[in-house]
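Please treat every number below as a calculation from the coordinates, not as lab data. If you're wondering where the values come from, they're calculated on a predicted model, not measured in any experiment. Note that each Cβ is placed from the backbone with ideal geometry, even for glycine, and that neighbours are counted across all protein chains shown.
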């Protein structure tokens, strides 16, 4: 019975889910999945809407077939139709004023088919380009979400590193406090030195609490951009590291960006869509040709019905519509010019993004090198200061100053590595290859 109780009491502990281990690559894959980030889901719906609009435009070029069955009982006032009673030279016969009731049965199929309608053809072509633009928008959304998740992941990794650094600072301060107590006990130290070490330890513990709170916030932000539940426990497997980027010139990066940027491709498709829509509005002034026909049986009843048909062609020639088409042409032409302006502006923005990203990457790379050198020097300084303090040739102020510089050097290295990795993501986004960069 005791064993069973122990097993039951341990079940809640066994049922606790293990933290979700996340690499940067895995985080991006989960975010850009169909059930991931909200923007991914919305871009998928936008594609479906564009495809529906394209199918609607194509319907104007396909046959329209309808079937109907009508059965009715009618009475008519012939006088209301302009048929007046007329005396006929037939004894006892008078032209009726009121007729009915009589029945009519009609079963009929009706079909129409557009033969030549250049405006509808051009609108269908524009709708297909709209579908291509929606597909490019999906690729662009993938890139944007991947970059957003990558930055959130790096921020969470930096927060983890800050916690580790703060914990290391606490451990170091605790060791220095122990050393100060030992020096005081040996008669080579003073009480002020012990107090100074305790103040430094208290400050480092406070910084640890701040870093832990920042880590929780960074993890929540990462979960939010990934589209996961905010109560999910995660464990980040990647760390802030320096990974060299292949050298390239500004011209090479710019050309690749113009080839790979999905937002530019989508904008070019929207420009093409606007051009075709403007052309469709112009072509509405041309005559259109359609064929129509119907076939069915009509009579006073099903047994007495006879087959009848209608076949013909219809030519429509626009003559005057009160200026509606002229206004539509002016509007569509303005929309086309606006899209051309947006395309040119986006190309200039891409060039700016590439230039800024390359400069940012170069500066961050230099910061990493300087911070590494500074960390090594500060570690050596603290080691020497501790030996001097232990040997009685220096006081604790020298150790505290060296400790402060070491903590600053650690923070500088973390900030430099974080800035470098963010710069890599910025450059990849500027060149349109974030997904490839995080693989």
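Quick look at the numbers
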quantity: Choice from 99, 245, 422 with maximal GNM fluctuation in the chain (Cα, 10 Å cutoff); calculated: 99
quantity: The range 173-306, Cα convex hull volume normalised per residue, Å³; calculated: 412
quantity: Options (i) 22.4; (ii) 30.3; (iii) 21.8 - which one matches Kirkwood radius over Cα pairs in Å as calculated here; calculated: (ii)
quantity: Taking the range 359-409 and dividing mean pair separation by its residue count, relative contact order in percent (alpha carbons under 8 Å, at least six apart); calculated: 39
quantity: The chain: most fluctuating residue of 324, 239, 408 per GNM, C-alpha cutoff 10 Å; calculated: 324
quantity: Principal-axis tilt of helix 250-260 within the chain, Cα atoms, nearest 10 degrees; calculated: 40
quantity: In degrees, nearest ten, helix 118-185 long axis to first principal axis of the chain (Cα); calculated: 20
quantity: Per-peptide average of other Cβ atoms within 10 Å, ordering 336-343, 300-307 highest first; calculated: 336-343, 300-307
quantity: Percent of beta bridges antiparallel (DSSP, the chain, rounded to nearest 5); calculated: 90
quantity: For the chain, calculated [θ]222 nm from helices alone, where every DSSP H run of n ≥ 4 adds -39500 (n - 2.57); calculated: -23500 deg cm²/dmol
quantity: C-alpha long axis of helix 38-59 to longest principal axis of the chain, angle in °; calculated: 20
quantity: The chain - percent relative contact order, Cα under 8 Å, separation 6 or more; calculated: 23
quantity: Protection proxy ranking, peptides 231-237, 218-224, average beta carbon neighbours within 10 Å, highest first; calculated: 218-224, 231-237
quantity: Gaussian network model of the chain, Cα within-10 Å springs - most flexible of 148, 413, 328; calculated: 328
quantity: Cα-projected label distance for residue 77 with residue 376, points at 7 Å along beta-carbon direction, nm; calculated: 11.0
quantity: Sequence ranges 247-256, 277-286, ranked by mean other-Cβ count within 10 angstrom, highest first; calculated: 277-286, 247-256
quantity: Alpha carbon convex hull of the range 92-215, projected area averaged over orientations, nm²; calculated: 22.4
quantity: Cα-based Rg and Dmax for the range 138-183, where Dmax is the largest Cα-Cα distance (Å); calculated: 19.8, 67
